[in-house]
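Let me begin by presenting the structure, written as structure tokens, before commenting on it.
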Amino acid sequence: MTDATLSFEEAMDKYDPVLGFEVHVELNTKTKMFSSAPNVFGDEPNTNVNEVDLGMPGVLPVVNKTAIESSIKIGLALNCKIAEKCRFARKNYFYPDTPKNFQTSQYDEPIAYDGYLDIELSDGTVFRVEIERAHMEEDAGKLTHMGGATGRIQGADYSLVDYNRSGVPLVEIVTKPIEGAGSRAPELAKAYVAAVREIVKNLGVSDAKMERGNVRCDANVSLRPHGRERFGIRSETKNVNSLRAVEHAVRYEIQRHAAVLDSGEPVIQETRHWHEDTRTTTSGRAKSDADDYRYFPEPDLVPITASREWVEELRATLPEPPAARRKRLQADWGYSDLEFRDVVNAGVMDEIEETIAAGATATVARKWWMGEIVGRAKNADVDPGQLGVNPATIVELNKMVEDGKINNKMASEVLDGVLAGEGTPAEIVGKRGLAVVSDDGPLLEAIDAALAAQPGVADKIRGGKIQAIGAIVGAVMKATRGQADAGRVKELILERLGVEG
Amino acid sequence: MTENNELIRLSAAALAEKLAAREITAVEVTQAYLDRIAAVDGKVHAFLHVNADEALAVAAEVDAIRAAGGAAAEELHVLAGVPIAVKDLIVTIGQPTTAGSKILEGWHSPYDATVVERLRAAKMPILGKTNLDEFAMGSSTEHSAYGPTHNPWDLDRIPGGSGGGSAAAVAAFEAPLALGTDTGGSIRQPGAVTGTVGVKPTYGGVSRYGAIAMASSLDQIGPVSRTVLDSALLHQVIGGHDPRDSTSLPDPLEDLVAAARTGNVEGMKIGIIKELHGEGYQAGVENRFNESLELLKGAGAEIVEVSCPNFKYALGAYYLIMPSEASSNLAKFDGVRYGLRVLPEQGPLTIERVMGATRAAGFGDEVKRRIILGTYALSAGYYDAYYGSAQKVRTLIQRDFDAAFEKADVLISPTAPTTAFKLGEKLNDPLAMYLNDVATIPANMAGVPGLSLPGGLADEDGLPVGIQLLAPARQDARLYRVGAVLESLLEAQWGGPLLDKAPSLTATSAAAAASSHGGSH
């Protein structure tokens, strides 16, 4: 069943959107939040666990100090206040991905609170998003439901559980309600999550790969008629795991809410699931504020105290803020304002930085990312960084072009091969036989044939009309299936005809 | 008395001396205890599991090291080769751990509790695992899913709880030492009713890692023994910081053994807690308590009276905090990863229903009662009134202790209001059962240490009475200093240890077996 939607324009005409985000950031600490097991997800299931992660009888948690440091750094980068003393609580609920049947999480005493983040939109407008809190918690295990058609627990024959992720440290960043974004709401949503991702990546506290779930976004959307102060009823779209999806999900929910409100029905407060294939959401669990998790302070942990000295020490280690970094990078790379904004809006600033670090010039890096990769990512409907191009590939391709081994057209073809998983650029060039023909022998053969086929053109060139050479070059390129170096072909033709170039 | 009977009646300190002098071997001692268990545990039922092979192997290793001499022998711990029993709430590799519950029947822990690691490091042979009320919830050991333990003084009576198994094992000479856990009195009250010594250390003084949690903010592991010095020796083995327990104190352990050996109360102020004696306390308990005060006075202590007005709220607050924490701590027993798994008899096999069926079948009534109480107390809308208020009471109790310890160096009270009651007597009256802990609970609520030692036999029933000493947090040494003095004064009066007056379980075996059957079922 698909929900009715209004067009985005009509929705905006009638309603004012209010947003809110909960972004979960997985920290890249060596060990887990409360145990000494390795914080590595994706290995063989249930291998990166110890008795604490499995919730064995008698175990106790111990807080990971590095996770606290990372959380404080995130709080500082989000311009938050850092609590001098805070505690963990237990969130009690029965579910088999949570081995203790409670999650250890901060509740009413977050480590960081009252911050903000200034978000620059594509046209340079700056929008301030207020941060309510950033708190620490542990991740749950991963359930895989087998036998059902949908991969959901309903209808499954059985479920498998992998506790490798159980106890991975998380920081959840919660915004205050975001008002006044209007029709920029979807764009702001994407830019906000991009900004958070950029911050945690630059801090080095998270691998920050959305496709791996290192950064996960729950997007809250509600609508209210223009001019009304009271918020409408919100939906919470869970696990929107790419920047493009964040934008699309917010846009879709605005359109869906508008249709519900237009029909005179109340919006249901619920969790929605995002479907990337259809770019729609479907109803999940009904969620009310009355969900009773029976929170109480975690008695197995002592309060965390963050002395002001420690906080200032950590503040001193923070990398430059994103705005300053952009200014520096633009100057270093020599891009115009417009070029740089395009790069930022395309979401490839980090990728260009990495490509330059790998040995490309700023111009070459921009040419590849903006000219080749962004378009492909758009066609594939993924963020450019998720397409699978690594900086070394670009450097290698560019070197082949500069060395005259292949031309630009071939390089583009090789890139397609790399993305199709056919191998490294060198392997693909070999496999596809894509080398610029630089041996004069085959070229001279083709030139002689072309001159013999077009004696009139040959005469014109001999007579000094050198611009006529294009017809012969074209024939040679055709004969060599584009593998000849056009410059060298030109030289050889003139040499053959005894004409000074 | 046979030679082996003499061995089992020695204190741990005496055994340690004879082992070090190579007058006896650890294998002899361990075998003597295993024989005793075989002879009397059918009546007492202190043990849920006997660990004979491993205990003898550890004993043999100690003997081999001693026989070889040299540095390795020199480095042996003072208690090396002295056997010990472990409450079955504490996890052990190589033996089952049940917590006295069907829900963990057959479960083997993949790891050792920190205290068990320390026993192993000291090379103390572990005789086995002792009975307890299910998940340590009870004051009589009658709530064990594996049947009650019987009091060696009168097999028709309760051995206290929840650590009735450890106390009865020590009282019946089935072990010289045992480990207990104390959440509201589960070490001290069994000590009182079995005529043994039990200590609840300062909260954080002994690592809780590997003790199956009932109420995390109240639980504490501690020693169970026949003498004050023996408890000090064991406390010294298990105490001290553990990085795996965040609530473990960083302080280095005081020399508790020295405190017990150099007991002295001269000039000390000992405070009687006005609210913890008199009305509601059995006359024979009150008489023995007053005698102890006179003895301490005679040894140079000054007896003062202190008032702790908020102690009257302690029991009520305890029965909110303890079940609240327990309801959450016991949520992990759901049949998904370990232990019992029961499928619903009919209807769909959803995970919620499997968890429900498992918990319905696996937990006993008292555990369910506390889970329901705690779940209710933590519910939205009730949290402030129940859990929140109880935490405030806790602060008030701490302040009462602070004020009392300004007037007195240690406090003193009877450990339990009565002597051991009959098995079955209070089983269907939870409130009457809970009242047993009225004198022991305040220490858990405030985190202060407490020690119970035998104070004699009550006039009316000839059963043991316990005297409780309480000290400020981190001042556990004071308990041993005062306890050792009182113990020696009392023993001088009795002409030997109180346990000498306990019935010989082997001599009256036929009668005891008959009465135990009559009393418990």
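Residue-by-condition table, conditions (1) among the small types (Gly, Ala, Ser); (2) part of a helix (DSSP H, G or I); (3) crowded, with 18+ Cβ neighbours inside 10 Å:
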| site | (1), (2), (3) |
| --- | --- |
| B:317 | yes, yes, yes |
| B:325 | no, yes, yes |
| B:334 | no, no, yes |
| B:337 | no, no, no |
| B:346 | no, no, no |
| B:352 | no, yes, no |
| B:355 | no, yes, yes |
| B:358 | no, yes, yes |
| B:361 | yes, yes, no |
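This table checks each residue for (1) assigned to a loop (DSSP other than H, G, I, E, B); (2) in contact with a helix residue (DSSP H, G or I) (Cβ under 6 Å, 6 or more places away or on another chain); (3) modelled with pLDDT of 95 or more; (4) within 14 Å of chain A (Cβ to nearest Cβ).
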residue: B:175; (1), (2), (3), (4): yes, yes, yes, no
residue: B:192; (1), (2), (3), (4): no, no, yes, no
residue: B:204; (1), (2), (3), (4): yes, no, yes, yes
residue: B:217; (1), (2), (3), (4): yes, no, yes, yes
residue: B:224; (1), (2), (3), (4): no, yes, yes, no
residue: B:232; (1), (2), (3), (4): no, yes, yes, no
residue: B:237; (1), (2), (3), (4): no, yes, yes, no
residue: B:247; (1), (2), (3), (4): yes, no, yes, yes
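Can you name the number of the only condition in (1) surrounded by fewer than 24 Cβ atoms within 10 Å (Cβ to Cβ); (2) in a strand (DSSP E or B) that residue A:228 fails?
(2)
Give the number of residues within segment B:328-349 that are in contact with a strand residue (DSSP E or B) (Cβ under 8 Å, 6 or more places away or on another chain) and touching a residue at least 24 places away in the same chain (Cβ under 8 Å).
Qualifying residue count, segment B:328-349: 1.
Please state which one of B:456, B:519, B:483, B:462 is at pLDDT 95 or above, in contact with an Asp or Glu (Cβ under 8 Å, 6 or more places away or on another chain) and under 22 Å from residue B:418 (Cα atoms). Spell out how you get there, then give the answer.
Values: B:519 fails: at pLDDT 95 or above; B:483 fails: in contact with an Asp or Glu (Cβ under 8 Å, 6 or more places away or on another chain); B:462 fails: in contact with an Asp or Glu (Cβ under 8 Å, 6 or more places away or on another chain).
Result: B:456 is the single residue among B:456, B:519, B:483, B:462 that is at pLDDT 95 or above, in contact with an Asp or Glu (Cβ under 8 Å, 6 or more places away or on another chain) and under 22 Å from residue B:418 (Cα atoms).
Looking at segment A:93-133, which of the residues that are within 14 Å of chain B (Cβ to nearest Cβ) and acidic (Asp, Glu) is nearest to the chain's Cα centre (by Cα)?
Selected residue: A:97.
Looking at segment B:103-143, which of its residues are more than 14 Å from chain A (Cβ to nearest Cβ) and more than 23 Å from residue B:176 (Cα to Cα)?
Scanning segment B:103-143 gives B:137, B:138, B:142, B:143.
Can you tell me which residues in segment B:363-414 are within 13 Å of another protein chain (Cβ to nearest Cβ), of a type outside the set (Gly, Ala, Ser) and outside any helix (DSSP H, G or I)?
Answer for segment B:363-414, where residues must be within 13 Å of another protein chain (Cβ to nearest Cβ), of a type outside the set (Gly, Ala, Ser) and outside any helix (DSSP H, G or I): B:378, B:382, B:383.
Hey, does segment A:242-255 have a residue that's among the hydroxyl-bearing types (Ser, Thr, Tyr), in contact with a helix residue (DSSP H, G or I) (Cβ under 6 Å, 6 or more places away or on another chain), in contact (Cβ under 8 Å) with a residue 12 or more places away in the chain and more than 22 Å from residue A:5 (Cα to Cα)? Break it down into steps so the answer makes sense when it comes.
So in segment A:242-255, the residues among the hydroxyl-bearing types (Ser, Thr, Tyr) come out as A:242, A:252.
Subset that is in contact with a helix residue (DSSP H, G or I) (Cβ under 6 Å, 6 or more places away or on another chain): A:242.
From the residues that got through so far, the ones that are in contact (Cβ under 8 Å) with a residue 12 or more places away in the chain too are A:242.
Narrowing further to those that are more than 22 Å from residue A:5 (Cα to Cα): A:242.
Within segment A:242-255, one or more residues are among the hydroxyl-bearing types (Ser, Thr, Tyr), in contact with a helix residue (DSSP H, G or I) (Cβ under 6 Å, 6 or more places away or on another chain), in contact (Cβ under 8 Å) with a residue 12 or more places away in the chain and more than 22 Å from residue A:5 (Cα to Cα).
Specify the residue that is surrounded by the fewest Cβ atoms within 10 Å (Cβ to Cβ); the eligible residues are those in segment A:288-319 that are under 33 Å from the mean Cα position of the chain (by Cα) and within 14 Å of another protein chain (Cβ to nearest Cβ).
Selected residue: A:289.
So, in segment A:12-26, exactly how many residues are outside any strand (DSSP E or B), over 28 Å from the mean Cα position of the chain (by Cα) and not acidic (Asp, Glu)?
Number of matching residues: 1.
Quick one: in segment A:51-87, which of the residues that are more than 29 Å from the chain's Cα centre (by Cα) and over 30 Å from residue B:341 (Cβ atoms) is nearest to the other protein chains (Cβ to nearest Cβ)?
Restricting to residues being more than 29 Å from the chain's Cα centre (by Cα) and over 30 Å from residue B:341 (Cβ atoms), the top hit is A:63.
Taking segment B:298-315 as the search range and keeping residues that are under 16 Å from residue B:277 (Cβ atoms) and either in a helix (DSSP H, G or I) or modelled with pLDDT under 95 (or both), which one is farthest from the other protein chains (Cβ to nearest Cβ)?
Looking at the filtered set, the residue picked out is B:309.
Having 1 or more residues that are surrounded by fewer than 20 Cβ atoms within 10 Å (Cβ to Cβ) and within 31 Å of the chain's Cα centre (by Cα) is the bar; report the helices (runs of 4 or more DSSP H) wholly within segment A:377-469 that clear it. Full working, then the answer.
On the way: elements: A:391-402, A:408-419, A:425-432, A:440-453, A:455-462.
In segment A:377-469, the matching helices (runs of 4 or more DSSP H) lie at A:391-402, A:408-419, A:425-432.
So in segment B:12-70, with the set limited to residues that are among the basic types (Lys, Arg) and out of contact with any Asp or Glu (no Cβ under 6 Å at 6 or more places or on another chain), which one is farthest from residue B:227 (Cα to Cα)?
Step one: list which residues in segment B:12-70 are among the basic types (Lys, Arg), which gives B:18, B:22, B:36, B:43, B:66.
Narrowing the set further to residues that are out of contact with any Asp or Glu (no Cβ under 6 Å at 6 or more places or on another chain) leaves B:18, B:22, B:43, B:66.
Details: B:18: 17, B:22: 23, B:43: 24, B:66: 26 Å.
Ranking the qualifying residues of segment B:12-70, first place goes to B:66.
Conditions first: (1) in contact (Cβ under 8 Å) with a residue 60 or more places away in the chain; (2) assigned to a loop (DSSP other than H, G, I, E, B). Residue A:323 passes all but one, so which condition is the exception?
Tallying (1) in contact (Cβ under 8 Å) with a residue 60 or more places away in the chain; (2) assigned to a loop (DSSP other than H, G, I, E, B), residue A:323 fails exactly one: (2).
Tally up the residues in segment B:363-395 that are hydrophobic (A, V, I, L, M, F, W, C), out of contact with any Ser or Thr (no Cβ under 7 Å at 6 or more places or on another chain), surrounded by 18 or more Cβ atoms within 10 Å (Cβ to Cβ) and more than 24 Å from residue B:427 (Cα to Cα), please.
2
Kindly establish whether residue B:102 is basic (Lys, Arg), in contact with a helix residue (DSSP H, G or I) (Cβ under 6 Å, 6 or more places away or on another chain), modelled with pLDDT of 95 or more and more than 30 Å from residue B:20 (Cβ to Cβ).
Taking the combined requirement at face value, the residue satisfies it.
The values are calculated or read from the model by the stated rules, or taken from the named source; none is laboratory data. Remember, predicted model here, so these are calculated numbers, not experimental data. Backbone-built Cβ (ideal geometry, glycine too); neighbour counts: all protein chains shown.
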